[in-house]
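Here's the structure, in structure tokens; my notes come after.
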Protein chains: 2
Amino acid sequence: MLDVRRLRLLRELAYRGTIAAVAEALTFTPSAVSQQLAALEREAGVALLERTGRRVALTPAGVALVRHAEAVLERLEQAAAELAAAKGDLSGTVRIGAFPTATRAILPSALAALARTHPGLDPMVDEVDPAEVAPRLRAGELDVALVHEYDFVPAEPDLALDAVPLLDEPMYLATIRPGGGEGDAATLLACRDAPWIVSTPGTLCHVMAVRACQAAGFSPRVRHHIDDFATVLAMVAVGQGVALVPELGAADPPEGVTLTALSMRRRTRVAFRRGAGGHPAVVALIAALRSAVR
Amino acid sequence: MLDVRRLRLLRELAYRGTIAAVAEALTFTPSAVSQQLAALEREAGVALLERTGRRVALTPAGVALVRHAEAVLERLEQAAAELAAAKGDLSGTVRIGAFPTATRAILPSALAALARTHPGLDPMVDEVDPAEVAPRLRAGELDVALVHEYDFVPAEPDLALDAVPLLDEPMYLATIRPGGGEGDAATLLACRDAPWIVSTPGTLCHVMAVRACQAAGFSPRVRHHIDDFATVLAMVAVGQGVALVPELGAADPPEGVTLTALSMRRRTRVAFRRGAGGHPAVVALIAALRSAVR
DNA sequence: CGAAACCGTTAAGCTGAACTGATGCTCGAC
DNA sequence: GTCGAGCATCAGTTCAGCTTAACGGTTTCG
């Protein structure tokens, strides 16, 4: 019988591409991963990996096997969820991954609600880079994660993960002067010569800001890299530049800041391992999150 | 993550009812099975087994988990089948279980055909009691098995197994005198006072004969217990009694034996682990069997 | 073009999970 | 009551699988 632990390694390899990365993700040494994958190949009787240069790639048989692994792991996740539901009292730890804005804007009241409805549940929050969310969910280091996607920056679908929508909010352009023009492009274009305040390079928010400006026909002249939207708005208020902020980050804008609603939106979703959607802790947390965003 | 090896033990427990039987089926000691199931329960966090007297029974949570185990094992079987198909050359051992009549009547030409179409395949035949077929298929000791069911003795469906029809043949009443009457009941009733030759108690064929007579309104007076249909017909020919034989066992009846066709039938099917239907060796063997029964 | 960094594999040694065998307990049958 | 069947527990042992260390090949960079 095929070993599911080994299939899990193969699946992770499909996502990451190198044995070293798989090892790091699942906290093994590359040696262990290599040995286990070799054992899987022996057991399978077919080549699953192709050694190309100093890297490895999956053969067609390997890709096909990953699909089966995906299905098996999903079903095991379902089984675990059902067991947790049968348990009744719903205690234990839920590990939550979230991007900074969500941690600040959504999680406090969501966790308060969760503590009221399920006092036995023990939530652990981890502020985690959006790019790291998917691997850490798959690896089981996180149970639930808040992720967002912008127009211009669609999230790529992950076969191992599932998600439900949580929030769909408009983006605002923050300036100190009323913005001009009709439509997003015109509104943004009015700021083409202003200094911009955007998020740290490498983040989704950074990509979003740059792409939005490019779609309007210009490249933003970046002055500051700031991730916290409250700080961003404070900077805008003192004339340090203009910025794009989501509604969630635009509560209580400082005096003097003008917020111009755009048609582009940011969607926040709750992601979890496929099959875990029925887990009572996941259900409870999603309900708490929904109540927190009204 | 739930351990699939342990889930397999739980599934087997669902079929067999006692830990000792599971241990015997999978060639462990009862101690090992007990320890592993205890570990599974610990891992699940819910009671899966209920100690009732000196036996164990599955709790509802246990039953639910077995369903998931069933699905996972099926998918793993599919994966193995696909790997075997990807392998191409189709070599290795196929373990075939068969009841005696089939071994004699079907398998020789089927194996000859298989040797022609797939010389690399190495079939191993095991004459096995029909009651043992399902457990041994599940345990992986057999890959394919020939099973039959009669009217009056329907096979109970097994969630872990799948089967395709192979043969649907009429039953015959073997006598030395032309049988009288219209319909099965009348035909059988004409022999109510004759001595009967039936199969060994405990076999399906035995149950079939007794039930058929009971359905006709009488209990057969059994004189001989003989399993081989050729021998049975020889005994009928010398006046030792009457018997019910399937068409497959009634080829070349001895001089003096009258065969009266009945409307009751025997269906032979090819069984295999659910998910293994796509395994090239299974596909090849089924094709060979079909060619052997014309 | 050489060096360094990176990646994957292999060999050797060690740890812990899991199996066996022995023992004890409980329940049910005779 | 006694015996046997069945499950749990404990101690001992074995082996799969991990880590560490060392090696060979490939890519990149100075």
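Residues B:THR27, A:THR117, A:THR268, A:THR187 in ascending order of nearby Cβ atoms (within 10 Å, fewest first): B:THR27, A:THR117, A:THR187, A:THR268.
Taking Lys and Arg as +1 and Asp and Glu as -1, the other residues whose beta-carbon sits under 10 Å from that of B:ARG274 total -2. Put in order of Cβ neighbour count within 10 Å, fewest first, the listed residues B:HIS224, B:HIS279, B:HIS118 become B:HIS224, B:HIS118, B:HIS279. Rounded to the nearest 20 debye, the dipole magnitude of region A:28-112 is 360 debye, with +1 charges on Lys and Arg beta carbons, -1 on Asp and Glu beta carbons, and the Cα centre as origin.
Within 10 Å of the Cβ of each residue in A:77-84, the mean number of Cβ atoms contributed by other protein chains is 6. Taking all Cα pairs closer than 8 Å and separated by 6 or more residues, the relative contact order of region B:168-265 comes to 48 percent.
Annotation: amide H-H contacts under 5 Å for B:ILE226 (H modelled 1.01 Å from N, sequence separation of 5 or more, or interchain): B:VAL198, B:SER199, B:THR200. Helix B:60-87 sits at what angle to the longest principal axis of chain B, using alpha carbons and giving 0 to 90 degrees rounded to 10? Once rounded, one gets 80 degrees.
The residue list B:ALA287, B:TYR172, B:VAL72 was ranked by how far each Cα lies along the charge dipole of chain B toward its positive end, using unit charges on Cβ atoms, and B:VAL72 comes out on top.
Among DSSP bridges having both ends in chain B, what percentage is antiparallel? Round to the nearest 5. DSSP beta bridges in chain B are roughly 65 percent antiparallel. Whole angstrom only: what separates the Cα centroid of region A:117-178 from the Cα centroid of region A:8-29? Rounded to whole Å, the Cα centres lie 23 Å apart.
For chain B, averaging the sequence separation of C-alpha pairs within contact (under 8 Å, six or more residues apart) and dividing by the residue count gives a relative contact order of 23 percent. Expressed as an acute angle from 0 to 90° and rounded to the nearest 10, what is the orientation of the C-alpha long axis of helix A:130-139 relative to the principal long axis of chain A? Result, in degrees: 20.
The residues packed around A:ALA212, meaning those with a beta-carbon under 14 Å from its beta-carbon, carry a net charge of +1 if Lys and Arg are +1 and Asp and Glu are -1.
Between copies, the label points at A:PRO119 (set 7 angstrom from Cα along Cα-to-Cβ) are spaced 7.8 nm, reported in nanometres from shortest to longest. The calculated FRET efficiency for the pair B:ALA39 and A:SER109, based on their C-beta separation and a Förster distance of 60 Å, comes to about 0.90. About its Cα centre, the protein assembly as shown has a charge dipole of approximately 260 debye under the convention of +1 per Lys or Arg Cβ and -1 per Asp or Glu Cβ, with nothing else charged.
Close amide H contacts of A:LEU58 (hydrogens built in the peptide plane, cut-off under 5 Å, sequence separation of 5 or more or a different chain): A:GLU50. Relative contact order of region B:4-82: 32 percent, from C-alpha pairs under 8 Å at least 6 residues apart in sequence. Seen against the Cα atoms of chain A and their longest principal axis, helix A:4-16 is set at about 40 degrees.
Under the convention that each Lys and Arg Cβ holds +1 and each Asp and Glu Cβ holds -1, the size of the dipole of chain B around its Cα centre is about 460 debye. Ranked by how many other Cβ atoms sit within 10 Å of their own Cβ, fewest first, the residues B:GLU74, A:GLU12, B:GLU182, A:GLU169 fall in the order B:GLU182, A:GLU169, B:GLU74, A:GLU12. Projecting label points 7 angstrom from Cα along Cα→Cβ for A:ARG51 and A:GLU182 puts them 6.6 nm apart. Around the amide H of A:LEU166, modelled in the peptide plane, lie the amide H atoms of A:THR268, A:ARG269, A:VAL270, all under 5 Å away and 5 or more residues distant in sequence or on another chain. Placing a label point 7 Å from the Cα of A:PRO201 along the Cα-to-Cβ direction, the distances to the matching points in the other copies come to 8.8 nm, shortest first.
Taken together, the values in this text are just the output of simple stated rules run on the coordinates, not laboratory data. The structure displayed is predicted, hence computed values, not measured ones. A quick note on method: Cβ atoms are made from the backbone with ideal geometry, for glycine too, and the neighbour counts reach across all protein chains shown.
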